[in-house]
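The values are calculated or read from the model by the stated rules, or taken from the named source; none is laboratory data. Note that the structure is predicted; figures quoted are calculated from it, not measured. Note that we place each Cβ from the backbone using ideal geometry, even for glycine, and neighbour counts take in every protein chain shown.
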């Protein structure tokens, strides 16, 4: 029996999943590995359809529809899926023996690898099951609030985060303050809206910002707004679920000490993987999790219970592929696809395009609505018509003060032909 156990452990640690945790060897061995980028700029590479076809070849994405809801979660590339499947088999075979003895160092190695990719220290990162859990930890456990204080959020923020901010009224005795961001939006008007809101609400002590929002895809000028908040004595918690992985601004350059991160969207890890970032020295500004000791280890602020072992074991493979493609290259490609359909429809009076033509405010996500159609029902019907008539899959979103809309989200495996199909589908339903 001892011999069998030792063989099982050796076999588990010899799998490509474990090898990938210590470097990029698994990616180097992948037969569909990408050719070198060379000296090309991200903009030049974004136009190279041959190179991006090889990226697309790494993904087994359905061809039953034109998939333009890639903001929900990011499909795993084949090497990540294989690592996840192999890890699942390993965990299942080893059971508690593997989970208690072999998994903890693999989990820690995944945390170390993520910190390297994000350009931060390992002790500033703790892994979670997604950005919602991460943000609820940051919002719910922030200690810098007293009865009579206020907290501030916008209509573009994510529903669960807004609910958490509102929950603070009962939890901390604070007053939630909601603002509406301008539409159409531009850089100066966004910054000015936050400036005025902070000036008009001097009791605000916590500000929720969303790096890239899931409603209209605006890329918020986080660093500028965070600087305004600091000057006003206001702490910022940042929802970076849609920012990390598709926006090439270094995490530290955002100027925020508390950040919730999603790793199964634009990083492409298995579903159920996220992280909390807390700048070194700020951990004690958060309550420890129930029963945990109050010290400087960030892991005392999150307790997820028994995790999906295989998902975290496959995370480093996703990070390897992410770095192989390059975040600046991802961003350039996604903006090229996004601009293709936006430019084609710009000026059509039958439509309201909710995205900006300012690249500082633009992301892969953009929304539109048929002019005058602002209810969720209107936009649900339109999405159904686009699917039935053209096979184009987009999703209705609500929550903006101006009304509901239809969200379009290409992925790095999307094609110019799919953008053309989207344009045709929108024109058909607008006719």
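Regarding residue 145, is this residue more than 29 Å from residue 414 (Cα to Cα) and at pLDDT 95 or above? So residue 145 passes the test. With respect to the conditions (1) at pLDDT 90 or above; (2) not in a helix (DSSP H, G or I), residue 32 lacks only one, and its number is (1). Select from the stretch 289-302 the residues that are surrounded by 14 or more Cβ atoms within 10 Å (Cβ to Cβ) and not in a helix (DSSP H, G or I) and list them in ascending order. Correct list: 289, 292, 302. Checked against the criteria, residue 364 counts as touching a strand residue (DSSP E or B) at 6+ places or on another chain (Cβ under 8 Å) and touching a residue at least 40 places away in the same chain (Cβ under 8 Å).
Here's the yes/no breakdown for (1) modelled with pLDDT under 95; (2) farther than 16 Å from residue 110 by Cα:
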site	(1), (2)
246	no, yes
260	no, yes
275	no, no
285	no, yes
291	yes, yes
298	yes, no
301	yes, yes
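Within the stretch 353-372, is there a residue that is within 27 Å of residue 211 (Cβ to Cβ), more than 19 Å from the chain's Cα centre (by Cα) and modelled with pLDDT under 95? Before the answer, list the steps.
Filtering the stretch 353-372 for residues within 27 Å of residue 211 (Cβ to Cβ) gives 353-369.
Okay, now just the ones that are also more than 19 Å from the chain's Cα centre (by Cα), so 353-354, 356-358, 368-369.
From what is left, the residues that are modelled with pLDDT under 95 are 356-357.
Yes; the residues of the stretch 353-372 include at least one that is within 27 Å of residue 211 (Cβ to Cβ), more than 19 Å from the chain's Cα centre (by Cα) and modelled with pLDDT under 95.
For beta carbons closer than 9 Å, sequence separation of 6+ or different chains, a first residue in the stretch 31-53 that is within 18 Å of residue 248 (Cα to Cα) and a second that is part of a loop (DSSP other than H, G, I, E, B), the qualifying pairs are 37/326; 40/48; 42/248; 42/326; 45/37; 45/38; 45/326.
Note on the stretch 304-319: among residues that are over 17 Å from the mean Cα position of the chain (by Cα) and part of a helix (DSSP H, G or I), the one that is nearest to residue 246 (Cα to Cα) is 317.
Conditions (1) in a strand (DSSP E or B); (2) in contact with a strand residue (DSSP E or B) (Cβ under 7 Å, 6 or more places away or on another chain); (3) more than 28 Å from residue 41 (Cα to Cα), marked per residue:
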{"site": "181", "(1), (2), (3)": "no, yes, yes"}
{"site": "184", "(1), (2), (3)": "no, no, yes"}
{"site": "197", "(1), (2), (3)": "no, yes, yes"}
{"site": "207", "(1), (2), (3)": "yes, yes, yes"}
{"site": "236", "(1), (2), (3)": "yes, yes, yes"}
{"site": "242", "(1), (2), (3)": "no, yes, no"}
{"site": "275", "(1), (2), (3)": "yes, yes, yes"}
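One residue stands out among those in the stretch 226-258 that are touching a residue at least 60 places away in the same chain (Cβ under 8 Å) and closer than 20 Å to residue 165 by Cα: the one that is surrounded by the fewest Cβ atoms within 10 Å (Cβ to Cβ), which is 235. Tally up the residues in the stretch 379-431 that are part of a strand (DSSP E or B) and in contact (Cβ under 8 Å) with a residue 60 or more places away in the chain, please. Looking only at that region, the number is 8.
Can you tell me which residue in the stretch 99-125 is surrounded by the most Cβ atoms within 10 Å (Cβ to Cβ), limited to those that are in contact with a strand residue (DSSP E or B) (Cβ under 8 Å, 6 or more places away or on another chain) and part of a helix (DSSP H, G or I)? Break it down into steps so the answer makes sense when it comes.
Of the residues in the stretch 99-125, the ones in contact with a strand residue (DSSP E or B) (Cβ under 8 Å, 6 or more places away or on another chain) are 107, 110-111, 114-115, 118, 120, 124-125.
In the following step, the residues that additionally are part of a helix (DSSP H, G or I) were identified as 107, 110-111, 114-115, 118, 124.
Numbers: 107: 18, 110: 25, 111: 20, 114: 27, 115: 18, 118: 19, 124: 22.
Going through the qualifying residues, I end up with 114.
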